[in-house]
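Step one of this worksheet: look at the structure below.
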Amino acid sequence: MYQGKAFQYGDNVDTDVIIPARYLNAPSAEELAKHCMEDIDINFVKEVTPGDIMVGGENFGCGSSREHAPIAIRASGISCVIAASFARIFYRNAINIGFPILECPEAAKRIKKGDTVTVDAESGVITNVTTGEVFHATPFPAFINRIIENGGLLPYLVKKQEGTLK
């Protein structure tokens, strides 16, 4: 379960906006987070708090296939991203690093910046606490939830090999 205030963005938010290319050599996820969204929302890093939720429109995470984008978002404190749709490479990179995302066009249209939102990723239920609206995203299958719960694909595979999976 995730809860936080919403940061709302439009359609076609690309990876170059999420984390500009000039910062791709940053030495850590924390350093990437300092520049997350700065070309589209200069106040994002000043306003985001741990647990907050990012909301995007269609084709969120389009552009280059850098995993830096979901890493920067997660490291900034965002707990999950809801979007009308995701670019496939962003979708896969998010799962690979264990970062929860949900596709829900209705929620993406109706949630506004600053709304308090709760997300039950396991069931796909998204609640806009501010307005009382409830939305239903298609949840991930159990095997993808297990990848996310275990911190991403590589940690999942290591734990599976060791026999220590959650």
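The values are calculated or read from the model by the stated rules, or taken from the named source; none is laboratory data. Bear in mind that the values here come from a model prediction, so they are computed numbers and not experimental data. Reconstructed Cβ throughout: ideal geometry from the backbone, glycine too, with neighbour counts over all protein chains shown. Areas reflect the complete protein model, heavy atoms only, side chains present, ligands, DNA and RNA absent. Shrake-Rupley method; radii C 1.70, N 1.55, O 1.52, S 1.80 Å.
Structure notes:
- Whole-number D in µm² s⁻¹ for the chain, Kirkwood Cα-pair radius fed into Stokes-Einstein, 4 °C, 1.567 mPa s: 82
- Pair Ser65, Val158: separation of 7 Å Cα→Cβ label points (nm): 2.4
- For the range 124-130, 3J(HN,Hα) computed residue by residue from phi via the Karplus equation (6.51, -1.76, 1.60; θ = phi - 60°) reads x, 7, 10, 10, 8, 4, 4 Hz, glycine and proline entered as x.
- The candidates Glu30, Glu133, Glu149, arranged from most to least accessible area with a 1.4 Å probe in the full protein assembly, appear as Glu30, Glu149, Glu133.
- Beta bridges assigned by DSSP with both partners in the chain are antiparallel in approximately 50 percent of cases.
- Coupling constants for the range 50-58 follow from the phi torsions by the Karplus curve (6.51 cos²θ - 1.76 cosθ + 1.60, θ = phi - 60°), and in residue order they are x, x, 4, 10, 9, 10, x, x, 6 Hz; glycine and proline get x.
- Sum of -39500 (n - 2.57) over DSSP H runs of 4+, divided by residues of the chain (222 nm, nearest 500): -8000 deg cm²/dmol
- Build a GNM of the chain with springs between Cα atoms under 10 Å apart, and of Phe140, Phe60, Phe99 the one that fluctuates most is Phe140.
- Rg/Rh for the range 84-166, where both radii come from Cα atoms and Rh is the Kirkwood radius: 1.05
- Gaussian network model of the chain, springs between alpha carbon atoms under 10 Å - residue of Pro141, Pro70, Pro155 with greatest fluctuation: Pro141
- Over 29 Å (Cα to Cα) - which of Lys34/Lys166; Lys46/Lys112; Lys34/Lys112; Lys46/Lys109; Lys34/Lys159 fall in this group: Lys34/Lys166; Lys34/Lys159
- Ile82 long-range amide H proximity, modeled H, under 5 Å: Met54, Val55, Gly56, Leu102
- Measuring between their Cα centroids, the range 115-166 and the range 1-34 lie 20 Å from each other.
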